[in-house]
1. Test of understanding: among A:VAL316, A:VAL289, which residue is within 14 Å of chain B (Cβ to nearest Cβ), assigned to a helix (DSSP H, G or I) and either of a type outside the set (S, T, N, Q) or surrounded by 15 or more Cβ atoms within 10 Å (Cβ to Cβ) (or both)?
2. Take the range A:403-422 and flag every residue that is away from chain B (no Cβ under 14 Å) and touching a Lys or Arg at 6+ places or on another chain (Cβ under 7 Å).
3. Evaluate the following for A:GLY216: is it of a type outside the set (Lys, Arg), in a strand (DSSP E or B) and more than 14 Å from every other protein chain (Cβ to nearest Cβ)?
4. Collect the residues in the range A:322-339 that are within 11 Å of another protein chain (Cβ to nearest Cβ) and buried (at least 19 other Cβ atoms within 10 Å of the Cβ), keeping them in residue-number order.
5. Kindly list the number of the only condition in (1) out of contact with any Pro (no Cβ under 9 Å at 6 or more places or on another chain); (2) over 22 Å from A:ARG438 (Cβ atoms) that fails for A:SER201.
6. Could you say whether any residue in the range A:165-181 is acidic (Asp, Glu) and under 16 Å from the mean Cα position of the chain (by Cα)?
7. Residues being within 18 Å of A:ALA340 (Cα to Cα) and of a type in the set (Lys, Arg): count how many of those fall in the range A:92-149.
8. Name the pairs whose Cβ atoms lie under 9 Å apart, with the first residue in the range A:291-307 and under 17 Å from A:ASN375 (Cβ atoms) and modelled with pLDDT of 95 or more, the second part of a loop (DSSP other than H, G, I, E, B) and of a type in the set (A, V, I, L, M), and 6 or more positions between them or separate chains?
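The values are calculated or read from the model by the stated rules, or taken from the named source; none is laboratory data. Fair warning: this is a prediction, and the values are worked out from it, not measured in the lab. All Cβ positions, glycine included, derive from the backbone under ideal geometry; neighbour counts span all protein chains shown. Side chains included, ligands, DNA and RNA excluded: accessible areas come from the protein's heavy atoms. Shrake-Rupley method; radii C 1.70, N 1.55, O 1.52, S 1.80 Å.
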Amino acid sequence: MNHDPLYFLTIDTASSMIKSKELSPVELTNSFLERITNVDQDTMCYLEVLRESALTEARMAENEIVSGHYRGPLHGIPLAHKDLYDTSGVRTTGQSKVFEHRIPDKDCTAIARLKASGAINLGKLAMYEFAMGGPETSLAPQARNPWNTEYMTSGSSSGSGAAVAAGLCMGSLGSDTGGSIRGPAAFCGIVGLKPTYGRVSRSGVIPLSSSLDHCGPMTWTAEDCAHILKVISGFDSQDPTSSREPVPNYRDNLYEDVSDLVIGIPSHYFYDVNSGVDAETLELVKKAVIDLENLGAKIEEVKIPLIEYSQISNIVMLMTEAFTYHLPNLRTQPQNYGKAFLDRVYLGGVFSGTDYIQASRVRGLISKSFSNVMNKVDLIAGPTWAKAPGKFGQYDKLSMAKTPNFTSPFNQTGMPAISIPCGFNKEGLPIGLQLAGRPFHESTVLRAAYTYQQYAKLYETRPTV
Amino acid sequence: MDSIEASTIHHALTKVGINLTSDRIDELKEIYIQYLSELEAMHNLDLDATEVSGVFKLDPIGELE
(Lines give C-alpha, C1' and ligand atoms only; values in the text may rest on other atoms or scores of the structure.)
Protein backbone atom coordinates (compact mmCIF):
# COMPACT_ATOMS: atom_id res chain seq x y z
CA MET A 1 0.00 0.00 0.00
CA ASN A 2 1.48 3.31 -1.04
CA HIS A 3 0.87 6.17 1.44
CA ASP A 4 2.40 9.01 -0.60
CA PRO A 5 0.03 11.86 -1.44
CA LEU A 6 -1.29 11.29 -4.95
CA TYR A 7 0.76 14.20 -6.32
CA PHE A 8 3.98 12.48 -5.19
CA LEU A 9 3.27 9.15 -6.90
CA THR A 10 5.54 8.22 -9.78
CA ILE A 11 4.06 7.79 -13.23
CA ASP A 12 4.85 4.08 -13.07
CA THR A 13 2.98 3.57 -9.79
CA ALA A 14 0.00 5.76 -10.73
CA SER A 15 -0.20 4.07 -14.10
CA SER A 16 -0.47 0.60 -12.56
CA MET A 17 -3.15 1.87 -10.16
CA ILE A 18 -5.13 3.49 -12.99
CA LYS A 19 -4.89 0.39 -15.14
CA SER A 20 -6.21 -1.78 -12.30
CA LYS A 21 -8.93 0.83 -11.61
CA GLU A 22 -7.62 1.46 -8.05
CA LEU A 23 -7.07 5.11 -8.95
CA SER A 24 -9.30 7.45 -10.89
CA PRO A 25 -7.65 9.87 -13.38
CA VAL A 26 -10.16 12.49 -12.20
CA GLU A 27 -9.13 12.03 -8.56
CA LEU A 28 -5.47 12.16 -9.57
CA THR A 29 -5.91 15.28 -11.71
CA ASN A 30 -7.85 17.02 -8.93
CA SER A 31 -5.04 16.32 -6.48
CA PHE A 32 -2.60 18.13 -8.80
CA LEU A 33 -4.97 21.05 -9.40
CA GLU A 34 -5.38 21.44 -5.64
CA ARG A 35 -1.62 21.18 -5.12
CA ILE A 36 -1.04 23.87 -7.77
CA THR A 37 -3.53 26.15 -5.99
CA ASN A 38 -1.79 25.62 -2.65
CA VAL A 39 1.85 25.75 -3.71
CA ASP A 40 2.41 27.49 -7.01
CA GLN A 41 2.21 31.01 -5.62
CA ASP A 42 5.61 30.15 -4.07
CA THR A 43 7.15 28.15 -6.93
CA MET A 44 5.74 30.16 -9.87
CA CYS A 45 5.95 27.17 -12.23
CA TYR A 46 2.75 27.68 -14.23
CA LEU A 47 2.21 30.39 -16.82
CA GLU A 48 -1.26 28.98 -17.41
CA VAL A 49 -3.20 26.22 -15.65
CA LEU A 50 -5.66 24.41 -17.94
CA ARG A 51 -8.12 23.42 -15.21
CA GLU A 52 -11.23 22.85 -17.27
CA SER A 53 -9.65 21.04 -20.19
CA ALA A 54 -7.50 18.92 -17.83
CA LEU A 55 -10.59 17.76 -15.97
CA THR A 56 -12.41 17.10 -19.24
CA GLU A 57 -9.47 15.00 -20.42
CA ALA A 58 -9.39 13.17 -17.06
CA ARG A 59 -13.09 12.35 -17.24
CA MET A 60 -12.66 11.12 -20.79
CA ALA A 61 -9.72 8.92 -19.73
CA GLU A 62 -11.74 7.52 -16.85
CA ASN A 63 -14.70 6.69 -19.07
CA GLU A 64 -12.46 4.98 -21.61
CA ILE A 65 -10.62 2.92 -19.00
CA VAL A 66 -13.83 1.90 -17.22
CA SER A 67 -15.26 0.76 -20.55
CA GLY A 68 -12.15 -1.32 -21.27
CA HIS A 69 -10.28 0.99 -23.65
CA TYR A 70 -6.99 1.37 -21.79
CA ARG A 71 -4.48 3.11 -24.07
CA GLY A 72 -1.24 2.48 -22.18
CA PRO A 73 0.98 3.69 -19.33
CA LEU A 74 0.32 7.41 -19.84
CA HIS A 75 -3.46 7.08 -19.99
CA GLY A 76 -4.90 9.42 -17.34
CA ILE A 77 -1.45 10.72 -16.26
CA PRO A 78 -1.31 14.50 -15.56
CA LEU A 79 1.65 16.19 -17.26
CA ALA A 80 2.53 19.83 -18.00
CA HIS A 81 4.95 21.29 -20.53
CA LYS A 82 7.44 24.05 -21.18
CA ASP A 83 5.73 26.96 -22.90
CA LEU A 84 7.48 26.52 -26.22
CA TYR A 85 5.52 23.39 -27.21
CA ASP A 86 2.66 24.48 -29.48
CA THR A 87 -0.75 23.59 -28.07
CA SER A 88 -3.83 23.89 -30.24
CA GLY A 89 -6.03 26.79 -29.13
CA VAL A 90 -3.84 27.50 -26.10
CA ARG A 91 -1.43 30.43 -25.90
CA THR A 92 2.22 29.41 -26.47
CA THR A 93 4.60 32.26 -25.73
CA GLY A 94 8.19 31.10 -25.17
CA GLN A 95 7.66 33.23 -22.03
CA SER A 96 8.16 36.36 -24.11
CA LYS A 97 6.04 39.43 -24.76
CA VAL A 98 6.96 38.96 -28.42
CA PHE A 99 4.57 35.98 -28.54
CA GLU A 100 2.22 37.18 -25.79
CA HIS A 101 -0.87 36.72 -27.94
CA ARG A 102 0.28 33.79 -30.06
CA ILE A 103 -2.28 30.95 -30.17
CA PRO A 104 -1.24 27.99 -32.35
CA ASP A 105 -3.96 26.27 -34.36
CA LYS A 106 -2.44 22.80 -33.95
CA ASP A 107 -0.51 20.77 -31.44
CA CYS A 108 3.17 20.13 -31.99
CA THR A 109 4.00 16.50 -32.76
CA ALA A 110 5.19 15.62 -29.25
CA ILE A 111 2.04 17.00 -27.58
CA ALA A 112 -0.16 15.32 -30.21
CA ARG A 113 1.51 11.98 -29.42
CA LEU A 114 1.03 12.48 -25.68
CA LYS A 115 -2.65 13.35 -26.27
CA ALA A 116 -3.09 10.20 -28.34
CA SER A 117 -1.59 8.19 -25.48
CA GLY A 118 -4.30 9.55 -23.16
CA ALA A 119 -2.01 11.83 -21.11
CA ILE A 120 -3.61 14.88 -19.50
CA ASN A 121 -2.20 18.37 -20.01
CA LEU A 122 -2.34 20.43 -16.80
CA GLY A 123 -0.89 23.56 -18.37
CA LYS A 124 1.99 25.63 -19.69
CA LEU A 125 5.18 25.96 -17.67
CA ALA A 126 7.66 28.76 -17.08
CA MET A 127 10.96 28.91 -18.94
CA TYR A 128 13.83 31.25 -19.64
CA GLU A 129 12.76 33.58 -22.45
CA PHE A 130 12.85 31.74 -25.78
CA ALA A 131 15.02 29.10 -24.05
CA MET A 132 18.06 31.37 -23.84
CA GLY A 133 17.63 34.46 -21.66
CA GLY A 134 18.39 34.61 -17.96
CA PRO A 135 15.82 34.08 -15.21
CA GLU A 136 14.22 37.49 -15.84
CA THR A 137 11.91 37.49 -18.84
CA SER A 138 9.79 40.09 -20.61
CA LEU A 139 6.50 38.32 -19.87
CA ALA A 140 6.16 36.76 -16.42
CA PRO A 141 8.02 36.02 -13.17
CA GLN A 142 10.41 33.10 -13.12
CA ALA A 143 9.93 29.64 -11.57
CA ARG A 144 11.67 29.17 -8.23
CA ASN A 145 13.56 26.18 -6.88
CA PRO A 146 11.20 24.10 -4.69
CA TRP A 147 14.11 22.95 -2.48
CA ASN A 148 14.57 26.58 -1.46
CA THR A 149 12.58 29.24 -3.27
CA GLU A 150 15.34 31.81 -2.79
CA TYR A 151 17.38 29.82 -5.29
CA MET A 152 17.23 29.57 -9.08
CA THR A 153 16.22 26.43 -10.94
CA SER A 154 18.72 26.85 -13.79
CA GLY A 155 17.24 27.10 -17.27
CA SER A 156 15.87 27.10 -19.63
CA SER A 157 13.27 24.43 -18.73
CA SER A 158 12.88 26.07 -15.32
CA GLY A 159 9.17 25.49 -14.75
CA SER A 160 9.46 21.87 -15.88
CA GLY A 161 12.23 21.11 -13.37
CA ALA A 162 10.51 22.89 -10.50
CA ALA A 163 7.00 21.55 -11.22
CA VAL A 164 8.09 17.90 -11.34
CA ALA A 165 10.12 18.28 -8.13
CA ALA A 166 7.32 20.09 -6.28
CA GLY A 167 4.65 17.55 -7.24
CA LEU A 168 2.82 19.97 -9.52
CA CYS A 169 2.78 17.51 -12.42
CA MET A 170 3.99 13.93 -12.91
CA GLY A 171 6.27 14.69 -15.82
CA SER A 172 7.06 17.38 -18.34
CA LEU A 173 8.56 17.99 -21.74
CA GLY A 174 11.59 20.27 -21.69
CA SER A 175 13.95 21.32 -24.45
CA ASP A 176 17.74 21.28 -24.49
CA THR A 177 20.12 23.23 -26.75
CA GLY A 178 23.11 23.44 -24.42
CA GLY A 179 21.81 21.80 -21.24
CA SER A 180 18.30 23.22 -20.75
CA ILE A 181 16.75 19.89 -19.74
CA ARG A 182 19.70 18.56 -17.76
CA GLY A 183 20.53 21.80 -15.91
CA PRO A 184 17.09 22.30 -14.33
CA ALA A 185 16.88 18.55 -13.70
CA ALA A 186 20.15 18.73 -11.74
CA PHE A 187 19.20 21.89 -9.82
CA CYS A 188 15.70 20.64 -8.97
CA GLY A 189 16.72 17.06 -8.06
CA ILE A 190 14.82 15.26 -10.80
CA VAL A 191 15.67 13.16 -13.88
CA GLY A 192 16.02 14.89 -17.25
CA LEU A 193 16.85 13.14 -20.50
CA LYS A 194 18.13 14.79 -23.66
CA PRO A 195 17.58 12.04 -26.24
CA THR A 196 19.64 11.48 -29.38
CA TYR A 197 19.34 14.20 -32.04
CA GLY A 198 16.51 13.12 -34.34
CA ARG A 199 14.90 10.81 -31.78
CA VAL A 200 12.06 13.19 -30.79
CA SER A 201 10.39 15.49 -33.31
CA ARG A 202 10.84 19.25 -32.84
CA SER A 203 8.01 20.06 -35.25
CA GLY A 204 5.77 22.70 -33.67
CA VAL A 205 8.29 23.55 -30.96
CA ILE A 206 9.54 27.16 -30.96
CA PRO A 207 13.16 26.83 -32.13
CA LEU A 208 16.26 28.27 -30.54
CA SER A 209 19.02 26.70 -32.62
CA SER A 210 17.83 24.00 -34.97
CA SER A 211 21.11 22.13 -35.30
CA LEU A 212 21.40 21.82 -31.49
CA ASP A 213 17.78 21.74 -30.23
CA HIS A 214 16.52 18.52 -28.62
CA CYS A 215 13.16 17.73 -26.98
CA GLY A 216 12.91 15.30 -24.08
CA PRO A 217 11.22 14.20 -20.85
CA MET A 218 11.73 15.43 -17.29
CA THR A 219 10.40 13.21 -14.50
CA TRP A 220 11.00 12.08 -10.93
CA THR A 221 12.54 8.72 -11.97
CA ALA A 222 14.39 7.16 -14.90
CA GLU A 223 11.55 4.65 -15.22
CA ASP A 224 9.07 7.49 -15.74
CA CYS A 225 11.38 9.03 -18.36
CA ALA A 226 11.25 5.70 -20.22
CA HIS A 227 7.43 5.82 -20.23
CA ILE A 228 7.29 9.29 -21.78
CA LEU A 229 10.19 8.75 -24.19
CA LYS A 230 8.51 5.70 -25.68
CA VAL A 231 5.44 7.76 -26.57
CA ILE A 232 7.09 10.87 -28.00
CA SER A 233 9.87 9.15 -29.99
CA GLY A 234 9.79 8.11 -33.63
CA PHE A 235 9.91 9.41 -37.17
CA ASP A 236 7.96 12.54 -38.04
CA SER A 237 7.87 13.75 -41.63
CA GLN A 238 7.23 17.29 -40.33
CA ASP A 239 10.75 17.46 -38.85
CA PRO A 240 13.45 17.17 -41.53
CA THR A 241 15.99 15.99 -38.94
CA SER A 242 13.73 13.26 -37.58
CA SER A 243 15.26 9.78 -37.55
CA ARG A 244 13.72 6.57 -38.90
CA GLU A 245 15.65 4.52 -36.31
CA PRO A 246 13.17 2.04 -34.75
CA VAL A 247 11.89 2.96 -31.28
CA PRO A 248 12.51 0.21 -28.73
CA ASN A 249 10.50 -0.37 -25.59
CA TYR A 250 12.78 1.51 -23.21
CA ARG A 251 11.62 -0.54 -20.24
CA ASP A 252 12.57 -3.91 -21.78
CA ASN A 253 16.04 -4.07 -20.23
CA LEU A 254 15.64 -1.26 -17.69
CA TYR A 255 15.69 -3.68 -14.78
CA GLU A 256 18.86 -5.53 -15.76
CA ASP A 257 22.04 -4.75 -13.83
CA VAL A 258 25.01 -2.74 -15.11
CA SER A 259 27.68 -5.45 -14.91
CA ASP A 260 28.09 -5.47 -18.70
CA LEU A 261 28.68 -1.71 -18.93
CA VAL A 262 31.95 0.19 -19.20
CA ILE A 263 31.76 3.80 -17.98
CA GLY A 264 34.32 6.29 -19.27
CA ILE A 265 35.64 9.01 -16.96
CA PRO A 266 37.12 12.02 -18.79
CA SER A 267 38.99 13.40 -15.79
CA HIS A 268 40.89 16.02 -17.82
CA TYR A 269 37.83 18.25 -18.27
CA PHE A 270 34.74 17.15 -16.39
CA TYR A 271 36.63 16.39 -13.18
CA ASP A 272 39.26 19.13 -13.24
CA VAL A 273 38.79 21.63 -10.39
CA ASN A 274 40.97 24.04 -12.36
CA SER A 275 38.25 24.15 -15.04
CA GLY A 276 35.95 25.78 -12.48
CA VAL A 277 33.89 22.83 -11.26
CA ASP A 278 32.80 23.17 -7.65
CA ALA A 279 34.67 20.83 -5.23
CA GLU A 280 31.54 19.75 -3.35
CA THR A 281 29.78 18.88 -6.62
CA LEU A 282 32.79 16.89 -7.73
CA GLU A 283 32.95 14.92 -4.50
CA LEU A 284 29.30 13.81 -4.83
CA VAL A 285 29.74 12.89 -8.49
CA LYS A 286 32.89 10.86 -7.78
CA LYS A 287 31.05 8.99 -5.05
CA ALA A 288 28.23 8.19 -7.48
CA VAL A 289 30.74 6.79 -9.97
CA ILE A 290 32.21 4.58 -7.24
CA ASP A 291 28.67 3.45 -6.41
CA LEU A 292 28.13 2.47 -10.05
CA GLU A 293 31.41 0.56 -9.97
CA ASN A 294 30.26 -1.25 -6.83
CA LEU A 295 27.03 -2.05 -8.65
CA GLY A 296 29.04 -3.92 -11.28
CA ALA A 297 30.03 -1.38 -13.94
CA LYS A 298 33.63 -1.21 -15.12
CA ILE A 299 35.22 2.24 -14.83
CA GLU A 300 37.80 3.36 -17.37
CA GLU A 301 39.73 6.61 -17.71
CA VAL A 302 39.23 8.19 -21.15
CA LYS A 303 40.53 11.24 -22.98
CA ILE A 304 38.40 13.33 -25.30
CA PRO A 305 40.63 15.54 -27.44
CA LEU A 306 39.40 19.11 -28.07
CA ILE A 307 36.52 18.85 -25.57
CA GLU A 308 37.58 22.19 -24.07
CA TYR A 309 36.53 23.91 -27.30
CA SER A 310 33.00 22.57 -27.25
CA GLN A 311 31.62 25.37 -25.10
CA ILE A 312 32.59 28.28 -27.32
CA SER A 313 31.74 26.28 -30.41
CA ASN A 314 28.24 25.67 -28.99
CA ILE A 315 27.81 29.34 -28.06
CA VAL A 316 28.79 30.59 -31.52
CA MET A 317 26.46 28.18 -33.33
CA LEU A 318 23.58 28.55 -30.88
CA MET A 319 23.60 32.34 -30.84
CA THR A 320 24.07 32.68 -34.59
CA GLU A 321 21.16 30.33 -35.32
CA ALA A 322 18.99 32.01 -32.65
CA PHE A 323 19.78 35.46 -34.06
CA THR A 324 18.75 34.31 -37.53
CA TYR A 325 15.40 32.96 -36.29
CA HIS A 326 14.63 36.11 -34.25
CA LEU A 327 15.92 38.68 -36.73
CA PRO A 328 12.50 39.75 -38.11
CA ASN A 329 11.17 40.42 -34.58
CA LEU A 330 14.45 41.98 -33.43
CA ARG A 331 13.98 44.53 -36.20
CA THR A 332 10.33 45.30 -35.53
CA GLN A 333 9.69 44.79 -31.80
CA PRO A 334 12.97 44.73 -29.83
CA GLN A 335 11.20 46.40 -26.89
CA ASN A 336 9.20 43.19 -26.34
CA TYR A 337 12.28 41.07 -25.60
CA GLY A 338 13.81 40.88 -22.13
CA LYS A 339 17.26 42.37 -21.66
CA ALA A 340 18.87 39.07 -20.65
CA PHE A 341 17.77 37.52 -23.94
CA LEU A 342 18.91 40.51 -26.00
CA ASP A 343 22.34 40.59 -24.33
CA ARG A 344 22.95 37.15 -25.75
CA VAL A 345 21.09 37.06 -29.03
CA TYR A 346 22.71 40.23 -30.41
CA LEU A 347 26.08 38.50 -30.18
CA GLY A 348 24.75 36.07 -32.75
CA GLY A 349 24.66 38.99 -35.17
CA VAL A 350 28.25 39.89 -34.42
CA PHE A 351 29.87 36.49 -34.88
CA SER A 352 31.15 36.19 -38.44
CA GLY A 353 30.60 33.54 -41.06
CA THR A 354 34.16 32.44 -40.36
CA ASP A 355 33.32 32.06 -36.66
CA TYR A 356 30.35 29.87 -37.51
CA ILE A 357 32.27 27.63 -39.90
CA GLN A 358 35.17 27.32 -37.47
CA ALA A 359 32.68 26.34 -34.76
CA SER A 360 31.13 23.70 -37.01
CA ARG A 361 34.57 22.31 -37.83
CA VAL A 362 35.31 22.07 -34.12
CA ARG A 363 31.96 20.36 -33.69
CA GLY A 364 32.94 17.78 -36.30
CA LEU A 365 36.24 17.08 -34.58
CA ILE A 366 34.63 16.74 -31.17
CA SER A 367 32.10 14.32 -32.64
CA LYS A 368 34.99 12.29 -34.00
CA SER A 369 36.73 12.35 -30.59
CA PHE A 370 33.60 11.02 -28.91
CA SER A 371 33.07 8.47 -31.65
CA ASN A 372 36.51 6.99 -30.95
CA VAL A 373 35.92 6.95 -27.20
CA MET A 374 32.44 5.43 -27.49
CA ASN A 375 33.92 2.47 -29.35
CA LYS A 376 35.57 1.54 -26.05
CA VAL A 377 33.00 2.53 -23.45
CA ASP A 378 29.21 2.42 -23.16
CA LEU A 379 28.73 5.59 -21.14
CA ILE A 380 30.51 8.79 -20.15
CA ALA A 381 29.93 9.95 -16.56
CA GLY A 382 30.53 13.35 -15.01
CA PRO A 383 28.89 16.29 -13.27
CA THR A 384 25.83 17.69 -15.02
CA TRP A 385 26.55 21.24 -13.94
CA ALA A 386 29.79 22.74 -12.63
CA LYS A 387 28.18 24.57 -9.75
CA ALA A 388 25.21 24.26 -7.40
CA PRO A 389 22.22 26.59 -7.84
CA GLY A 390 22.72 30.27 -6.99
CA LYS A 391 20.27 32.66 -5.37
CA PHE A 392 18.00 34.95 -7.36
CA GLY A 393 19.74 38.29 -7.61
CA GLN A 394 23.12 36.59 -8.00
CA TYR A 395 22.55 35.76 -11.65
CA ASP A 396 25.58 36.64 -13.75
CA LYS A 397 24.79 37.48 -17.36
CA LEU A 398 28.29 36.33 -18.30
CA SER A 399 27.91 32.94 -16.63
CA MET A 400 27.81 31.23 -20.05
CA ALA A 401 31.38 32.41 -20.63
CA LYS A 402 32.70 32.04 -17.07
CA THR A 403 31.48 28.58 -16.04
CA PRO A 404 32.52 25.36 -17.79
CA ASN A 405 29.59 23.71 -19.54
CA PHE A 406 29.49 19.92 -19.29
CA THR A 407 26.19 19.46 -21.09
CA SER A 408 26.75 21.18 -24.45
CA PRO A 409 29.28 18.62 -25.82
CA PHE A 410 26.34 16.23 -26.11
CA ASN A 411 24.23 18.77 -27.97
CA GLN A 412 27.07 19.06 -30.44
CA THR A 413 27.49 15.31 -30.90
CA GLY A 414 23.78 14.54 -30.63
CA MET A 415 24.47 11.77 -28.09
CA PRO A 416 21.75 10.93 -25.51
CA ALA A 417 22.54 12.29 -22.04
CA ILE A 418 20.66 12.15 -18.75
CA SER A 419 20.94 13.98 -15.45
CA ILE A 420 20.03 12.14 -12.25
CA PRO A 421 20.30 13.36 -8.66
CA CYS A 422 23.43 12.11 -6.85
CA GLY A 423 23.19 13.97 -3.54
CA PHE A 424 22.68 17.30 -1.83
CA ASN A 425 25.19 20.01 -0.99
CA LYS A 426 25.59 21.69 2.41
CA GLU A 427 22.73 24.09 1.61
CA GLY A 428 20.45 21.11 0.98
CA LEU A 429 20.32 21.71 -2.77
CA PRO A 430 20.45 18.82 -5.27
CA ILE A 431 23.50 17.96 -7.38
CA GLY A 432 23.28 16.08 -10.69
CA LEU A 433 25.25 13.23 -12.22
CA GLN A 434 25.31 13.17 -16.02
CA LEU A 435 25.48 9.94 -18.02
CA ALA A 436 25.86 10.08 -21.81
CA GLY A 437 25.64 7.15 -24.20
CA ARG A 438 26.01 6.13 -27.82
CA PRO A 439 23.53 7.57 -30.32
CA PHE A 440 20.11 5.88 -30.05
CA HIS A 441 21.25 3.91 -26.99
CA GLU A 442 18.82 5.66 -24.63
CA SER A 443 18.02 2.23 -23.18
CA THR A 444 21.57 1.92 -21.84
CA VAL A 445 21.54 5.44 -20.40
CA LEU A 446 18.18 4.83 -18.73
CA ARG A 447 19.26 1.43 -17.37
CA ALA A 448 22.34 2.88 -15.66
CA ALA A 449 20.28 5.79 -14.31
CA TYR A 450 17.56 3.44 -13.03
CA THR A 451 20.10 1.13 -11.38
CA TYR A 452 21.78 4.04 -9.61
CA GLN A 453 18.44 5.49 -8.48
CA GLN A 454 17.35 2.16 -7.04
CA TYR A 455 20.60 1.99 -5.09
CA ALA A 456 20.82 5.62 -3.92
CA LYS A 457 17.08 6.00 -3.27
CA LEU A 458 17.32 9.81 -3.37
CA TYR A 459 13.88 9.78 -4.96
CA GLU A 460 12.47 9.05 -1.49
CA THR A 461 13.24 12.63 -0.45
CA ARG A 462 10.92 15.33 -1.77
CA PRO A 463 11.17 19.09 -1.31
CA THR A 464 9.03 20.36 1.57
CA VAL A 465 7.55 23.35 -0.25
CA MET B 1 41.60 38.59 -32.77
CA ASP B 2 42.55 40.27 -29.52
CA SER B 3 40.01 43.04 -29.38
CA ILE B 4 36.89 44.28 -31.06
CA GLU B 5 35.87 47.80 -31.93
CA ALA B 6 32.42 49.12 -31.09
CA SER B 7 32.18 50.12 -34.74
CA THR B 8 32.53 46.46 -35.76
CA ILE B 9 29.47 45.54 -33.66
CA HIS B 10 27.59 48.61 -34.92
CA HIS B 11 28.37 47.71 -38.53
CA ALA B 12 27.44 44.02 -38.15
CA LEU B 13 24.05 44.86 -36.66
CA THR B 14 23.09 47.85 -38.84
CA LYS B 15 23.90 45.75 -41.90
CA VAL B 16 20.92 43.53 -40.99
CA GLY B 17 18.62 46.36 -39.96
CA ILE B 18 19.27 46.64 -36.22
CA ASN B 19 20.15 50.09 -34.94
CA LEU B 20 21.26 50.40 -31.30
CA THR B 21 22.43 53.35 -29.25
CA SER B 22 26.17 53.82 -28.77
CA ASP B 23 25.78 53.07 -25.04
CA ARG B 24 24.12 49.75 -25.85
CA ILE B 25 26.83 48.94 -28.40
CA ASP B 26 29.47 49.63 -25.74
CA GLU B 27 27.65 47.34 -23.34
CA LEU B 28 27.50 44.55 -25.93
CA LYS B 29 31.17 45.06 -26.65
CA GLU B 30 31.99 44.35 -22.98
CA ILE B 31 29.92 41.16 -23.09
CA TYR B 32 31.47 40.09 -26.38
CA ILE B 33 35.00 40.61 -25.05
CA GLN B 34 34.30 38.01 -22.35
CA TYR B 35 33.97 35.45 -25.13
CA LEU B 36 36.92 36.68 -27.15
CA SER B 37 39.72 34.73 -25.53
CA GLU B 38 37.88 31.48 -26.07
CA LEU B 39 37.04 32.41 -29.64
CA GLU B 40 40.64 33.29 -30.28
CA ALA B 41 41.78 29.91 -29.01
CA MET B 42 39.25 28.20 -31.25
CA HIS B 43 40.46 30.07 -34.32
CA ASN B 44 44.06 29.22 -33.56
CA LEU B 45 43.35 25.52 -33.39
CA ASP B 46 45.50 23.59 -35.79
CA LEU B 47 42.70 21.99 -37.78
CA ASP B 48 43.60 19.52 -40.48
CA ALA B 49 41.84 20.70 -43.61
CA THR B 50 42.00 17.24 -45.15
CA GLU B 51 40.12 15.79 -42.20
CA VAL B 52 37.59 18.56 -41.69
CA SER B 53 36.00 19.96 -44.78
CA GLY B 54 34.34 22.83 -43.00
CA VAL B 55 31.07 21.75 -44.53
CA PHE B 56 28.73 21.43 -41.58
CA LYS B 57 26.71 18.26 -41.48
CA LEU B 58 23.27 18.86 -40.02
CA ASP B 59 23.23 15.46 -38.45
CA PRO B 60 26.58 14.51 -36.95
CA ILE B 61 25.16 11.29 -35.59
CA GLY B 62 25.93 9.34 -38.73
CA GLU B 63 29.57 9.94 -38.05
CA LEU B 64 29.26 8.36 -34.64
CA GLU B 65 27.53 5.18 -35.63
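1. Working: A:VAL289 fails: within 14 Å of chain B (Cβ to nearest Cβ).
Step by step, each of A:VAL316, A:VAL289 is checked, and only A:VAL316 is within 14 Å of chain B (Cβ to nearest Cβ), assigned to a helix (DSSP H, G or I) and either of a type outside the set (S, T, N, Q) or surrounded by 15 or more Cβ atoms within 10 Å (Cβ to Cβ) (or both).
2. Looking only at the range A:403-422, we keep the residues that are away from chain B (no Cβ under 14 Å), and these are A:406-407, A:418-422.
Answer for the range A:403-422, where residues must be away from chain B (no Cβ under 14 Å) and touching a Lys or Arg at 6+ places or on another chain (Cβ under 7 Å): A:THR407, A:SER419.
3. Judged against the criteria, A:GLY216 is a match.
4. Listed by number, the residues that qualify are A:PHE323, A:HIS326, A:LEU330.
5. Every condition holds for A:SER201 apart from (2).
6. Within the range A:165-181, the subset acidic (Asp, Glu) is A:176.
Narrowing the set further to residues that are under 16 Å from the mean Cα position of the chain (by Cα) leaves A:176.
Within the range A:165-181, one or more residues are acidic (Asp, Glu) and under 16 Å from the mean Cα position of the chain (by Cα).
7. So in the range A:92-149, the residues within 18 Å of A:ALA340 (Cα to Cα) come out as A:93-100, A:126-144.
From what is left, the residues that are of a type in the set (Lys, Arg) are A:97, A:144.
Selection size over the range A:92-149: 2.
8. A:LYS298/A:LEU261; A:LYS298/A:VAL377; A:GLU300/A:VAL377; A:VAL302/A:VAL377
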